[in-house]
Amino acid sequence: MRNFLLAAAVSLVFCGAVHAEGTFTTLQTPNLLLTKISGNGQYAVGVIPTAAGARWIASTGEEQILPGLIDGLGINNAGTVSGAVPVDGGSNEGGRDLGAFAVIGSEPTLLTSPLQTNSSAYDIADDGTVVGLSFDDAFGGAQAFVWNATDGMSALPVLRADEMSRANVISADGRVIAGWNDGPYGRSNLIWIDRVPMAVAEPDGWQVGEATGVSNNGQFVVGGDHINAAGDFGSWRWSEAAGLTFIPEMGYAFGVSNDGKTVIGSADFFDFPARAAKIWREGIGTISLVAYLAEQGIALPDGWDPDLAGGFGGISADASTMSGFAYGPSGELQSFVIRIAGNSPDLIFANGFESVPN
């Protein structure tokens, strides 16, 4: 019996190796903009601008529209989406935005104890901790916040209290938060470790730009709009252990893998082609996403923008799943999900077996 099971397992592994291929999946919902992927790669979050939030579920391929939310900005490993509920049309229509989160199968839950009249929940950790932005009816006084069910909404401490701030992302365990705090040269990065703020700077003292992504394990933070000491423009990656790394030819960085070796983002608005999707790998450098797909043997389907220019920012912890949006076959903005076969976990022993059972 053991020999039969062993032979069957070897056969499955062999077949999986032969037929495993990466995929490029076109989502069908028009104007759906996927922006983030959960660390486990099972969910993605997005928005249909001015209309609704959205959730993509890997196991079924379902594209869920969340009409109770005006946007979808963050997602955790349970598929819970963070965003905002519109009141009287939302802030863009003269109403208000109220920060909220939506568990799978439930209507949105509003954040309690708001700091100001408006708020938007930009990201959510696995324990339900939410971070984001609170602001007044005149779109002023922008203030980074952290929320949990026990304490409600609290202002995060910042380095320049008289300037505006926002928390963009949070690690799965809630320990690391990243965003921005306005300064003399515009938005500059702000990172909170255990709620204590700090800013990453070049050795000559110049601060780097806004922090827009954090690895699921909290080990790496990335951002863009950075000019290094040599005067080169690009993005950046930072960790407590390795410090600051300059990422060339990528104006904006939005996502990073748990090991920090893969960073995804896009070209700058002033580059050619503008906003083209980019990927950086440690020891290799920055190339276009289209060139990377070709390396992986994945063909770009007909009808897509040849540079996938738009937004490319969703990445799983193991870099096996990525998402973004560009102009697609519909002639409108569409989202896509990429699966990289070589980075995928072992499907045969995903149940935890380390050897063939007796």
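The values are calculated or read from the model by the stated rules, or taken from the named source; none is laboratory data. Just so it is clear, the structure is predicted and the values come from calculations on it, not from any experiment. Every residue, glycine as well, gets a Cβ built from its backbone with ideal geometry; the counts of neighbours run over all protein chains shown. Ligands, DNA and RNA are stripped out before the accessible areas are found, and what is left, the full protein with its side chains, is counted by its heavy atoms. Shrake-Rupley method; radii C 1.70, N 1.55, O 1.52, S 1.80 Å.
If a residue must be over 15 Å from the mean Cα position of the chain (by Cα) and of a type in the set (Gly, Ala, Ser), how many such residues does region 258-292 contain?
7
Does residue 135 qualify as being out of contact with any Phe, Trp or Tyr (no Cβ under 7 Å at 6 or more places or on another chain), open to solvent by less than 30 Å² (accessible area, probe 1.4 Å), of a type in the set (A, V, I, L, M, F, W, C) and at negative phi?
For residue 135, the condition - out of contact with any Phe, Trp or Tyr (no Cβ under 7 Å at 6 or more places or on another chain), open to solvent by less than 30 Å² (accessible area, probe 1.4 Å), of a type in the set (A, V, I, L, M, F, W, C) and at negative phi - is met.
Does residue 41 meet the test of being at pLDDT 95 or above and not in a loop (DSSP other than H, G, I, E, B)? Spell out the reasoning first.
Working: at pLDDT 95 or above: yes; not in a loop (DSSP other than H, G, I, E, B): no.
The answer is no for residue 41.
So that you can scan it fast, the table gives a plain yes or no per residue for (1) without any contact (Cβ under 8 Å) to a residue 12 or more places away in the chain; (2) polar (S, T, N, Q); (3) open to solvent by 10 Å² or more (accessible area, probe 1.4 Å):
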{"position": "56", "(1), (2), (3)": "no, no, yes"}
{"position": "88", "(1), (2), (3)": "yes, no, yes"}
{"position": "93", "(1), (2), (3)": "yes, no, yes"}
{"position": "100", "(1), (2), (3)": "no, no, no"}
| request: With the checklist (1) modelled with pLDDT under 95; (2) within 20 Å of residue 32 (Cβ to Cβ) in hand, flag the one item residue 341 doesn't pass. | output: (2)
| Within the set of pairs 6 or more residues apart or between chains, which connect a residue that is more than 26 Å from residue 259 (Cα to Cα) inside region 306-333 to a residue that is crowded, with 23+ Cβ neighbours inside 10 Å and of a type outside the set (Gly, Ala, Ser) with Cβ atoms less than 6 Å apart? | 326/308; 328/334; 333/325
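With the requirement that a residue be in a loop (DSSP other than H, G, I, E, B) and under 16 Å from residue 238 (Cβ atoms), what does region 177-200 give you?
Hits for region 177-200 are 199, 200.
Out of 221, 214, I need the residue that is at pLDDT 95 or above, open to solvent by less than 10 Å² (accessible area, probe 1.4 Å) and under 24 Å from residue 251 (Cβ atoms). Which one? Give the steps one after another, and end with the answer.
Working: 214 fails: open to solvent by less than 10 Å² (accessible area, probe 1.4 Å).
Answer to the check: 221.
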